[in-house]
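*Asks:* Please read through the structure below; I'll follow up with questions.
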Amino acid sequence: MNYVGISAGFHDAAISVVDDHGNILFAGHSERYSKNKHDKDVCEELLTDALKHTNSEYVQYHYYERPWLKSLRQLRSGEGFTWPTWEKILGSTYSQMGEPKIHTHSHHLCHAASGFQTSPFEDATVVVIDAIGEFDTITIWDAWYDFSTGKAQYKKLWSLTYPDSIGLFYSAMTERVGLRPLDEEYILMGMAAYGEPTHVKEIMTKLVDRKDILTFKQNLHTGVSKDFLKDADPMDIASSSQHLVEFMITRVMSKARMIGSSKNLVYGGGVALNCLANRLLGNFYENIWIMPNPGDAGNSLGAACLGYGSKVNWTDAYLGYNIPGKYPVNSLLDILLTDSIVGVASGRAEFGPRALGNRSLLADPRGNEIKDKVNEIKRRQKFRPFAPVILEEYAHQYFDMPKHWDNSRYMQVISKCRFPELFPAIVHHDWTSRVQTVPKDGSGIRELLEKWYVMTDCPMLLNTSLNIRGEPMVNDRDDAERFERLYNIKVL
């Protein structure tokens, strides 16, 4: 049996495939195939590629939420009612599947499963924080494996429900400063370093219920008015919003530590992508696992995990479309040493929003002009920072890693750079970096870094996703050739 997990219908549609030995055969994003950023629909090309990776004629389909429960919430919240048929939810891909029976699971349980069943832990306290599932917006779980069957067990310990939502609050603030909600929250996070948290008290007074810091005075699903903090500097709004969200997250983690039975933390949901807030997790837990795709797209893997039932064999995030061929280490080195910037599209695409070396734009982190050049190539705001990818054994030498974060293999936490003046291309305004550490795993990016270090005495490179702002990451050879042609950057 193969278990096909699907997330679709809201944003960031994806498909994952797990076999009956717990191997993740495939996990990919619809947007990479359709070329529509945050595509909510499963495109036929994605489904075709996913099914090519199945290794059994027996396929079971699992969906990442309960459509009827979601429709009920939409009715209660005044959004109207939609009769949730699979034809409406999945469109033409439902008939492409052969109109099978589809098993449904709760949204937050899928988040919990995508995290726990890919984690190295035998038991964990699972925390899920996102914008909204069917009704849940925050959940805390105990998770463990049954001794006799090996099946994952989940017990919900606590939940917060719609409309109170940390994720919806952060999205509302994202829209307030002129960015796209459910898309550019990460830019709001980056803006926070340029401002001061001068509006925390005012935001709390106007929006937050003082009886419970996690509840709100109004439904933020539709945002806040344009007159909210009318004359405030957007950078200060960003800083204040980030400051308040961090305080809320620490309240959730404190509650989880009190009521959860495990000392291991599994953290999921879209809010888990806030790598600035993630630096605080070590104050509550020594062992931390965040699956590299903790948002809704990752729920496709969560649904497949629930179908399979037991721990899956997690090795890395390279689970998507494959561009065959040897990783072009020597050719990349030649261009980096002469032109400083180069693209790479090789091997299987990363599952998750962050490029980890297989669909990356790479650059020398030491040049004063490099950051502006790469931002210009990607059509991004000049204040936007870039991440370093570094040989894992040198991470602590160059970065002050947060408490209990020995590594950051999926760019999940920020760290202070110990020598910001030496690496201006990969430090933010506050001298922090969203670090990616690479272990001795035999990967192409590992070999490249090792050779780069021998030749330059620098154990890191700038690493950003191979895309232009507003477009999905490069997926296949045609995408790579288009990127090279339009933006005059060699892609190998």
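The values are calculated or read from the model by the stated rules, or taken from the named source; none is laboratory data. All values derive from a computational prediction rather than experimental measurement. Here the Cβ is made from the backbone with ideal geometry for all residues, glycine too, and neighbour counts use every protein chain on show.
*Asks:* For the stretch 176-184, indicate whether the set of residues that are hydrophobic (A, V, I, L, M, F, W, C) and closer than 27 Å to Y64 by Cα is non-empty. I'd like the intermediate steps shown before the answer.
*Replies:* From the stretch 176-184, those hydrophobic (A, V, I, L, M, F, W, C) are 177, 179, 182; that's our starting set.
Those still in the list that are closer than 27 Å to Y64 by Cα too: 182.
So far as the stretch 176-184 goes, yes, one or more of its residues are hydrophobic (A, V, I, L, M, F, W, C) and closer than 27 Å to Y64 by Cα.
*Asks:* Follow-up question, since we're still on this one. State whether the residues of the stretch 385-392 include one that is assigned to a helix (DSSP H, G or I) and more than 25 Å from I489 (Cα to Cα).
*Replies:* Looking only at the stretch 385-392, we keep the residues that are assigned to a helix (DSSP H, G or I), and these are 392.
Next, only the ones that are more than 25 Å from I489 (Cα to Cα) stay: 392.
The answer is yes; a qualifying residue exists.
*Asks:* State all residues of the stretch 349-384 that are within 17 Å of the chain's Cα centre (by Cα), assigned to a loop (DSSP other than H, G, I, E, B) and among the basic types (K, R); if no residue qualifies, say none. Write out each step before concluding.
*Replies:* Narrowing the stretch 349-384 to residues within 17 Å of the chain's Cα centre (by Cα): 349-360.
Now restrict to residues that are assigned to a loop (DSSP other than H, G, I, E, B): 351-358.
Once the filter is applied, which keeps residues that are within 17 Å of the chain's Cα centre (by Cα), assigned to a loop (DSSP other than H, G, I, E, B) and among the basic types (K, R), the stretch 349-384 yields only R354.
*Asks:* Regarding the stretch 82-98, can at least one residue be identified that is without any contact (Cβ under 8 Å) to a residue 60 or more places away in the chain, more than 25 Å from D164 (Cβ to Cβ), assigned to a strand (DSSP E or B) and touching a Leu at 6+ places or on another chain (Cβ under 9 Å)?
*Replies:* The answer is no; no qualifying residue exists.
*Asks:* Do you know which residues across the stretch 62-82 are in contact with a helix residue (DSSP H, G or I) (Cβ under 8 Å, 6 or more places away or on another chain), at pLDDT 90 or above and not charged (D, E, K, R)?
*Replies:* Result: H62, Y63, Y64, P67.
*Asks:* Restrict the check to the stretch 434-449 and report whether at least one residue is touching a Leu at 6+ places or on another chain (Cβ under 8 Å) and small (G, A, S).
*Replies:* Checked against the condition, which is being touching a Leu at 6+ places or on another chain (Cβ under 8 Å) and small (G, A, S), the stretch 434-449 yields no hits at all.
*Asks:* Among the helices (runs of 4 or more DSSP H) contained in the stretch 5-78, which hold 3 or more residues that are surrounded by fewer than 16 Cβ atoms within 10 Å (Cβ to Cβ) and not hydroxyl-bearing (S, T, Y)? Talk me through it step by step, then tell me what you get.
*Replies:* Values: elements: 30-34, 44-52, 67-76.
Output list reads 67-76.
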